[in-house]
Amino acid sequence: MIEELHARPFHPLRAPAQVIHYSVLNALPMPQRLERPTQILSAFAGQPVSLGAAVHVFEQPGMVLKFERHSEFDAYTLFVEGNGEAPFEKPLDRLLAPALKDAALSDVVVAARLEVIPSGNEAQMTEAMIHEMTPLFKRESLAVSWAAGRQAMVMGDFQRDEDGLTRFAVLTDPQIGLRRLGRVVQRLIEVETYRAMAMLALPVARERGARLHAISADLTSVIDAINSTDGVSDKTALLERLTAASAELETLGSGSGYRFAASRAYASIVDERIEALREQRVAERQTLDEFMIRRFRPAMRTCEAVEMRMQRLSSRAERAANLLRTKVDVALQAQNRALLASMDRRSETQLRLQETVEGLSVVAISYYAVSLVGYALYPLEKWTGLSGGVMKAMAVIPVVALVWLFLQRMKKRLSGHHKG
C-alpha cells in the first residue's frame, strides 16, 4: 500500500535537544496489544487516543512523543527541547513524561538516551568530542564518526548507564537542517533498536547449540553402529533413535526458525542504517561500522552457524535413516528368502511323504481288493481247474494297476479343482 511508504516520517529536530527512546516487546494479539499504548498515549495527550495507524505523534509544550507500532515491538520516542548544563546531566525523571515511565516497566528491549548538542564547525566538534564528550563514554567500546556530510558527529558506546539507558550523542554544525538532523537522530536510534532486536536470537542460538552438540554426538554413535549391527531388532532400535533425533531437530527448527529469520532481517536493517549515515572516520577513532564488525556481526554469524548446523544435522539424520531403512529392508528380504526356502524344503518333504503314503495306500488297497477278488473267484475253481490261490495270484497285478490308476485319477481331479 502507498500509505506504508510514508508511514514513518522523520521528526524535524532543532539543537539543542534530548531524546529518550524505548522499544517494548509486545507479542499480544490484536486488540489486546493496543491496550497499554492507548493508556500511555492517552495519559500523555490528556485525552482519549484511538490507535488506528502505525505511527502517532503527540505534542506537549517543550516535548513531542512519537509512537510507532512494529511487528514485534512498540517504540516510544520522546523529543525534549533544550539541554542541561552538561551532557547527560539532567535527571531522567525530569525528562520522562509520567505516562512514558509505564513503558519502561516491563519487556523493554531498547532503552536509549541521546543528546543533541550544537558545537560549531568541524574543528570545534572534534575538540568537543575529545575533551568534553569522550570522558562521558566507555573508551573501549566508544564509536565515533562523521555523518550527514560532516555536518554532524555521532557518538555511542553501546553501554548502559546508571539509569539503564544506552547513551548516544550527536554534535551538530549550526548549518545543518532540521529534517537532516532528524534523519541522523532517527537512523542512530534505529541502529540501536534493530541491533538489540537482532541480538534476541543469540540466547536462542546458544541454547540450541548446546543441544545440537548432544544430538550430533548421538547421531555419530548411531551412524558408527549401523555397520556393526547384524540383527533386524538391533537395526530397528537404531532406526528408532534416528527417528527420535530427527523429530527433536524438527522441533528445534520450528521453534527457532522465525527468531533466526527475524534476526537476519534486523541485522540487514542495521547495516542499511549505518550505510545511510554515510559515516567518515574522526581522529582515528573506530566507526560505528567497525564496532559492529567486531562486536555485533560475530554474534549474527553465531546465529547463522547454529541455524546452518541444525539444517545439516537434519539432513544427516535423514540420510542415515534412509540408509538404515534400506539395510533393514535388505535384512527382512533375506529373512523372507530364508523362510521361503525353508517352506520349499518342507513342501518337498511333505510331497515325498505323500508319495510314500500313496505307495503304501496302493499296497493296502490292493491287498484288500485282491482278497475280495479271491472270494469272488472261489466258485470258478471247478470251471477253470485252477486253485483259488493261483487265481488270486493272477489277479494281483491287474488289481494293483487298477488301484494305482484310480488313485492317480483322483489326485489329478483334486489338483485341478484346487487350481480352479
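Read the figures in this text as sums done on the coordinates, not as results from a lab. Given the structure is predicted, the values throughout are model-derived calculations rather than measurements. Neighbour counts are summed over all protein chains in view; Cβ atoms, including those assigned to glycine, are modelled from backbone coordinates with ideal geometry.
Taking the C-alpha atoms only, the angle from helix 178-199 to the longest principal axis of the chain is near 30 degrees.
Straightening the chain between Leu202 and Glu85 buys 38.2 nm, computed as 0.36 nm per residue apart minus the Cα-Cα spacing.
How would Glu59, Glu85 line up from fewest to most surrounding beta-carbon atoms within 10 angstrom? Before the final figure, lay out each step's value.
Details: Glu59 12, Glu85 6.
Ascending Cβ contact count within 10 Å gives the list Glu85, Glu59.
Please name whichever of Ser246, Ala331, Ile215 sits farthest to the positive end of the charge dipole of the range 201-338, dipole taken about the Cα centre and charges placed at Cβ: Lys and Arg +1, Asp and Glu -1. Comparing the listed Cα positions along the dipole, Ile215 ranks first.
From the largest down, the range 127-241 spans 84, 29, 23 angstrom on the principal axes of its Cα atoms. Running a GNM on the chain with Cα contacts under 10 Å, which residue among Gly182, Gly52, Gly149 ends up with the highest mean-square fluctuation? Result: Gly52 has the largest fluctuation of those listed. Inter-label distance, Arg14 to Asn121: 2.5 nm, where each label sits 7 Å from its Cα along the C-beta direction.
Relative contact order of the range 1-81, please, whole-number percent, based on alpha carbon pairs below 8 angstrom and at least 6 residues apart.
Numbers: 101 pairs, mean separation 29.5, N = 81.
Over the range 1-81, the number comes to 36 percent.
Here is the size of the range 217-279 from its Cα atoms: Rg then Dmax, 21.2, 67 Å. Kirkwood analysis of the Cα pair distances in the range 2-176 returns a hydrodynamic radius of 17.3 Å.
For the range 278-359, the Kirkwood hydrodynamic radius comes to 19.6 Å, computed from all pairs of different C-alpha atoms. Only lysine pairs 8 or more places apart or on separate chains count here, and in the chain those with Cα atoms under 26 Å apart total 7.
The long axis of helix 388-419 is offset from the longest Cα principal axis of the chain by roughly 20 degrees. Footprinting exposure proxy ranking of Ile40, Ile130, fewest other C-beta atoms within 10 angstrom first, gives Ile130, Ile40.
Ordered by the count of other Cβ atoms within 10 Å of each Cβ, fewest first, Arg139, Arg285 give Arg139, Arg285. Think of the chain as a dipole: +1 on every Lys or Arg Cβ, -1 on every Asp or Glu Cβ, centred on the Cα centre; then among Ile189, Ser256, Met153, Ser256 lies furthest on the positive end. Computed from Cα atoms, the angle from the helix 297-377 axis to the main principal axis of the chain rounds to 10 degrees.
Give, to the nearest whole percent, the P(r) tail of the chain beyond 36 angstrom, counting all Cα pairs.
On the way: 48441 of 87990 pairs.
That tail contains 55 percent of the Cα-Cα pairs.
Counting pairs of alpha carbon atoms under 8 Å apart in space and at least six apart in sequence, what relative contact order in percent does the range 2-176 give?
Numbers: 294 pairs, mean separation 41.7, N = 175.
In percent, rounded to a whole number, it is 24.
Computed over the chain, relative contact order equals 14 percent, with contacts defined as Cα pairs under 8 Å that lie 6+ residues apart.
Can you compute the FRET efficiency between Glu162 and Asp107 using 1/(1 + (r/R0)^6), with r the Cβ-Cβ distance and R0 = 22 Å? Round to the nearest 0.05. If you can, show how the numbers build up before the last one.
Values: r = 21 Å, r/R0 = 0.97.
Efficiency for this residue pair is about 0.55.
For the chain, a Gaussian network of Cα nodes joined below 10 Å ranks Ala338, Ala112, Ala45 by mean-square fluctuation, and the top entry is Ala338. Dipole magnitude for the chain: about 2540 debye, using +1 per Lys or Arg Cβ and -1 per Asp or Glu Cβ, origin at the Cα centre. For the chain, DSSP calls about 85 percent of its internal beta bridges antiparallel.
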